[in-house]
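Following: one structure in structure tokens, then a few remarks.
The values are calculated or read from the model by the stated rules, or taken from the named source; none is laboratory data. Note that the structure is a prediction, hence the values are computed from the model and not measured. Reconstructed Cβ throughout: ideal geometry from the backbone, glycine too, with neighbour counts over all protein chains shown. Quick note on the areas: whole protein, heavy atoms, side chains included, nothing else; ligands and nucleic acids left out. Shrake-Rupley method; radii C 1.70, N 1.55, O 1.52, S 1.80 Å.
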Amino acid sequence: MKHNNHSLIILFAMMFAQAGTQAQNAGDKLHAEDGLFNHLSVGLTTGLSGAGIDAAMPVGKLVTVRAGFAGWNIGDIKFKAINTATEVTEMQMVEEDAVRRAQMEDKVELAVKPNFWNFYLLGEVHPFNNQPFYFSAGLFVGSQNFIHFRNTNDGALGFLYDANQKVEDYNRIYRTNYPPIGLKFGDYVFTADENGNIDVRMKTNAVKPYLGIGFGQHFAKTHRVSLAVDAGLLFWGTPKFVLNNGTEIDSSGRNSGITSVLSWLKAWPNVQVRVAYKIF
């Protein structure tokens, strides 16, 4: 899969370079006049990378550079997560007071907070004379924490922390392999910290290469306002679930559920709509 992603990036890069060469050699012009930085448009954007603002300028006959910021911050989404202590059946563990206390509550409310923002710099090449179709490539740089999980009742999960400490002690002393006690999210178990909280983040790379295609104009010839739509992929690496102390959480499954989804979700799809106003 990794090899395929690298091959895809190289293929798009070759297409982008070839298109740029064709664009520079083209006799016709997309813009009203030739020139370097002779136009400036400011745009409002919305899409899967969030809402934002950017600016675009031409750097050649058919080549445009666009830079801006986009992001979204959605409020808490609450759900009930299964307490894995209720699934413990081994007698030597069930008899422990810490585990018994943990088994008294079968589900606990968690809040997940999506948060995604990035600065970006894109180069766009229009390979076809006087046509609004273009290729785009560049970088998005921003947040690593895509979503944040936390219990809604602050400090109330000390019973999960105590039970998990008992499990860890047993595994260390008796060389057993009992699974951790915490809250289940697909193939993962989120354990509580010493403060009685679940604090888990789904992390990605901060630097995300981008490849896409678009349709539209950033500099209308006869009007001030123009519209463009861009679609592509942000290559952000394989997402990981990480505790607040930086420890990566291991999944209990490798080929199913959320683990399977994350194994191929190495890129975030992006569709962005831009409404631009040409200043000059």
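Brief remarks on what is shown
- Take the Cα of residue 240, step 7 Å toward its Cβ, do the same at residue 172, and the gap between the two points is 2.3 nm.
- Charge dipole (debye, nearest 20) of the chain; +1 at Cβ of Lys and Arg, -1 at Cβ of Asp and Glu: 1100
- Among 262, 214, 242 - extreme Cα towards positive end, dipole of segment 182-280, charges at beta-carbon: 214
- Efficiency of FRET from Cβ geometry, residue 73 and residue 263, R₀ 35 Å, rounded to 0.05: 0.80
- Approximate spin-label separation residue 153-residue 277, in nm, with each point projected 7 Å along Cα-to-Cβ: 5.1
- In the chain, taking the dipole from charged Cβ atoms about the Cα centre, the farthest positive-side position among 167, 103, 40 is held by 40.
- For residue 278, the lysines whose Cα falls under 24 Å of its own Cα, not counting residues fewer than eight places away in the same chain, are 29, 61, 221.
- Computed [θ] at 222 nm, helices only, for the chain once each DSSP H run of length n ≥ 4 contributes -39500 (n - 2.57): -6500 deg cm²/dmol
- GNM top mover of 36, 139, 44 - the chain, alpha-carbon springs below 10 Å: 36
- Surface composition of the chain: carbon plus sulfur atoms contribute 58% of the solvent-accessible area (1.4 Å probe, protein chains only, all chains present).
- For trypsin sites (Lys or Arg not before Pro), the sites in segment 92-192 that DSSP calls loop and that have at most 13 other Cβ atoms within 10 Å are 175.
- Accessible area per residue, Å², segment 178-280 with all protein chains present, probe 1.4 Å: 47
- Temperature 20 °C, viscosity 1.002 mPa s: under these conditions the Stokes-Einstein estimate for segment 52-116, based on its Kirkwood radius over C-alpha pairs, is 129 µm² per second.
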